[in-house]
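**Student:** Can you read through this structure? Questions will come right after.
The values are calculated or read from the model by the stated rules, or taken from the named source; none is laboratory data. Just so you know, these numbers come straight off a predicted model, no measurement behind them. Glycine also receives a Cβ, built like all others from the backbone with ideal geometry; neighbour counts cover every protein chain displayed.
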């Protein structure tokens with residue numbers, strides 16, 4: 001099976017029409033569905049949080065059959081993810097897209113579990129520690145995108161599970177858990 | 001023998017000019033012309049008359065200096081079945097120019113016509129006057145070929161494929177080498193002088209012809225003015241008390257008025273709304289007949305634009321406009337003809353045989369795209385064109401239609417615009433990592 005790094009590509013990745021935005025409605029629906037799932041799977045396994053449309057994204061090209069998704073096609077598939085709540089545009093020009101292979105709510109739950117698993121219910125941590133500290137190594141939180149992390153933390157703050165406070169420097173925000 | 005018995009008579013004005021039929025236009029004339037037919041005793045003696053060629057008839061009028069008492073008569077161009085090329089022989093050089101045509105006469109030999117049992121006789125036109133007989137002959141061909149009279153006739157006829165012949169039959173000098181006595185004028189200064197005179201007379205006659213065309217144009221303009229006036233009056237009268245059935249039949253609805261406005265460019269009477277203009281009916285039938293052979297050659301489907309070109313080229317004169325063509329095709333729904341107009345989603349319009357089946361085309365396309373090499377690389381419009389035996393543009397339309405039905409899907413790349421068998425329905429979204437054998441999937445698709 002063809003691979004992209006250590007990611008196993010599906011067989012239909014070699015079907016040339018897969019890379020042309022189909023005009024016929026039923027065909028298009030199926031195509032969009034396949035691409036949505038492929039993008040999510042790939043991002044999840046490769047821990048990719050942001051896709052830049054104008055950058056080279058390995059998933060969007062297949063050099064074996066010499067096909068590349070057009071800009072229009074990329075935007076169409078990512079917009080479909082956005083409509084489903086599985087992605088968000090980071091700019092009005094739709095040049096960068098935040099991929100939520102876990103929804104914000106799911107990340108929030110992962111954080112809660114992380115806190116419980118490590119007995120951090122009443123402690124204080126910096127935001128940076130959550131994403132790159134020793135405790136998070138090997139967990140899903142390791143290397144999480146900062147924007148997503150902040151959104152999940154804010155969601156938990158609204159629920160009263162923690163409090164976010166500013167630290168001594170601009171990027172040294174901290175979290176006081178009160179779970 | 002009185003001509004009135006055999007040839008249709010011609011009404012003359014008080015000044016001796018012929019009364020023309022509606023739409024009839026004069027084209028050319030020759031003086032001192034004999035019309036004779038050796039084969040038919042019933043054919044009248046027409047000697048030394050003025051021969052006028054119109055779009056509808058050959059009119060022979062006795063010249064005032066003529067001693068014969070035969071009345072003015074006409075030969076309808078519609079009764080002419082063939083025009084012979086003038087023979088160029090040594091003998092013809094010394095004689096008056098002449099040409100012959102074949103005339104259809106009724107079985108009892110009593111009149112002109114092409115009914116059952118009719119036969120053909122040869123009529124000879126002998127030009128004894130000084131006119132340009134070659135130019136007249138050329139115009140004779142054109143008028144006969146143009147078949148203007150058919151536009152006026154209700155009975156459908158299907159002879160649009162007239163022979164294509166070059167204009168003037170012979171290549172000899174205008175002005176000619178003959179005197180009215182038939183002697184060859186060649187020698188000396190007098191010969192040159194005579195040649196000069198001939199040229200002047202020929203020019204003079206051309207001017208005459210030109211003015212006659214102008215006259216014809218003027219009478220058309222007069223018709224337009226009459227029409228416009230009629231319409232104006234009707235529009236003004238609008239909701240008057242005469243709202244009976246007859247008024248409706250006469251005028252019809254506002255829609256008909258609009259159609260009438262459109263048809264002012266065409267010399268045709270507007271009848272009922274549903275029947276459409278007579279002109280278009282005729283054209284519609286002619287077109288259906290004409291298009292049969294080109295359709296066969298093109299594999300059953302032709303682009304409408306190509307039909308427009310080919311049809312007009314065959315007509316030669318009296319070209320039709322694109323609107324005429326479109327209207328003629330849309331009238332086919334009302335007749336029982338084996339052809340139809342079809343509009344693709346892309347807007348391309350074609351004419352195709354009614355028997356041309358889409359399903360059959362799709363089956364052939366499917367077979368083509370599921371071959372081992374086309375499974376991998378797809379097909380282009382040209383590939384499909386070769387298999388289907390039709391033009392690439394037509395093939396593309398079929399491919400696009402097959403795509404819209406979900407049979408094919410597209411692949412656009414630097415390699416071009418290609419189509420593949422549509423495997424999307426076969427791909428299992430839940431088994432992204434399952435082994436998908438494209439070949440077995442395509443076999444399932446059959």
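**Student:** Give the residues of segment A:96-134 that are within 14 Å of residue A:49 (Cα to Cα) and in a loop (DSSP other than H, G, I, E, B), sorted by residue number.
**Tutor:** A:100, A:101, A:102, A:103, listed by residue number.
**Student:** Here is a follow-up. Output the residues belonging to segment B:280-335 that are free of Cβ contacts under 8 Å to residues at least 40 places away in the same chain, surrounded by 15 or more Cβ atoms within 10 Å (Cβ to Cβ) and not in a helix (DSSP H, G or I).
**Tutor:** The one that is free of Cβ contacts under 8 Å to residues at least 40 places away in the same chain, surrounded by 15 or more Cβ atoms within 10 Å (Cβ to Cβ) and not in a helix (DSSP H, G or I): B:320.
**Student:** If I filter segment B:336-348 down to residues being touching a residue at least 40 places away in the same chain (Cβ under 8 Å) and not in a strand (DSSP E or B), which single residue comes out as nearest to residue B:302 (Cα to Cα)?
**Tutor:** B:348
**Student:** Tell me, yes or no, whether segment A:137-150 has at least one residue that is more than 20 Å from residue A:44 (Cβ to Cβ) and in contact (Cβ under 8 Å) with a residue 60 or more places away in the chain.
**Tutor:** Scanning segment A:137-150 turns up no residue that is more than 20 Å from residue A:44 (Cβ to Cβ) and in contact (Cβ under 8 Å) with a residue 60 or more places away in the chain.
**Student:** Right, next: Looking for something without any contact (Cβ under 8 Å) to a residue 24 or more places away in the chain and surrounded by 15 or more Cβ atoms within 10 Å (Cβ to Cβ) - is there at least one such residue anywhere in segment A:100-108?
**Tutor:** Checked segment A:100-108: no residue is without any contact (Cβ under 8 Å) to a residue 24 or more places away in the chain and surrounded by 15 or more Cβ atoms within 10 Å (Cβ to Cβ).
**Student:** Which residue out of B:66, B:85, B:89 is at pLDDT below 75 and loosely packed, with under 14 Cβ neighbours inside 10 Å?
**Tutor:** Just a single option satisfies the conditions, and that option is B:89.
**Student:** Which members of segment B:397-415 meet the condition of being within 14 Å of chain A (Cβ to nearest Cβ) and in a helix (DSSP H, G or I)?
**Tutor:** B:399, B:400, B:401, B:402, B:403, B:404
**Student:** Report whether or not residue B:29 is at pLDDT below 90, assigned to a strand (DSSP E or B), buried (at least 21 other Cβ atoms within 10 Å of the Cβ) and at negative phi.
**Tutor:** On the way: at pLDDT below 90: yes; assigned to a strand (DSSP E or B): yes; buried (at least 21 other Cβ atoms within 10 Å of the Cβ): yes; at negative phi: yes.
Spelling it out, residue B:29 is indeed at pLDDT below 90, assigned to a strand (DSSP E or B), buried (at least 21 other Cβ atoms within 10 Å of the Cβ) and at negative phi.
**Student:** Another one. Tell me, which residue of segment A:5-20 that is over 21 Å from the mean Cα position of the chain (by Cα) and surrounded by fewer than 20 Cβ atoms within 10 Å (Cβ to Cβ) is nearest to the other protein chains (Cβ to nearest Cβ)?
**Tutor:** Within segment A:5-20, the match that is nearest to the other protein chains (Cβ to nearest Cβ) is A:11.
**Student:** When segment B:416-428 is examined, which residues are found to be more than 17 Å from residue A:11 (Cβ to Cβ) and at the interface with chain A (Cβ under 8 Å from one of its Cβ atoms)?
**Tutor:** Step one: of segment B:416-428, the residues more than 17 Å from residue A:11 (Cβ to Cβ) are B:416-419.
Across segment B:416-428, the qualifying residue is only B:418.
**Student:** Residue B:351 passes all but one of (1) part of a strand (DSSP E or B); (2) surrounded by fewer than 19 Cβ atoms within 10 Å (Cβ to Cβ); which number fails?
**Tutor:** (2)
**Student:** Checking the conditions here, which among B:388, B:399 is farther than 21 Å from residue B:297 by Cβ, in contact with a helix residue (DSSP H, G or I) (Cβ under 8 Å, 6 or more places away or on another chain) and surrounded by 14 or more Cβ atoms within 10 Å (Cβ to Cβ)?
**Tutor:** Working: B:388 fails: farther than 21 Å from residue B:297 by Cβ.
Result of the check over B:388, B:399: B:399.
**Student:** Identify the residue in segment A:29-64 that is crowded, with 17+ Cβ neighbours inside 10 Å and more than 17 Å from the chain's Cα centre (by Cα) and, among all such residues, is nearest to the other protein chains (Cβ to nearest Cβ).
**Tutor:** A:30
**Student:** Here are some residues: A:176, A:154. Which one is more than 15 Å from the chain's Cα centre (by Cα) and in a helix (DSSP H, G or I)? Break it down into steps so the answer makes sense when it comes.
**Tutor:** Working: A:176 fails: in a helix (DSSP H, G or I).
It is A:154.
**Student:** Just to be sure, is residue B:14 in contact with a strand residue (DSSP E or B) (Cβ under 8 Å, 6 or more places away or on another chain) and at pLDDT below 80?
**Tutor:** Numbers: in contact with a strand residue (DSSP E or B) (Cβ under 8 Å, 6 or more places away or on another chain): no; at pLDDT below 80: yes.
The answer is no for residue B:14.
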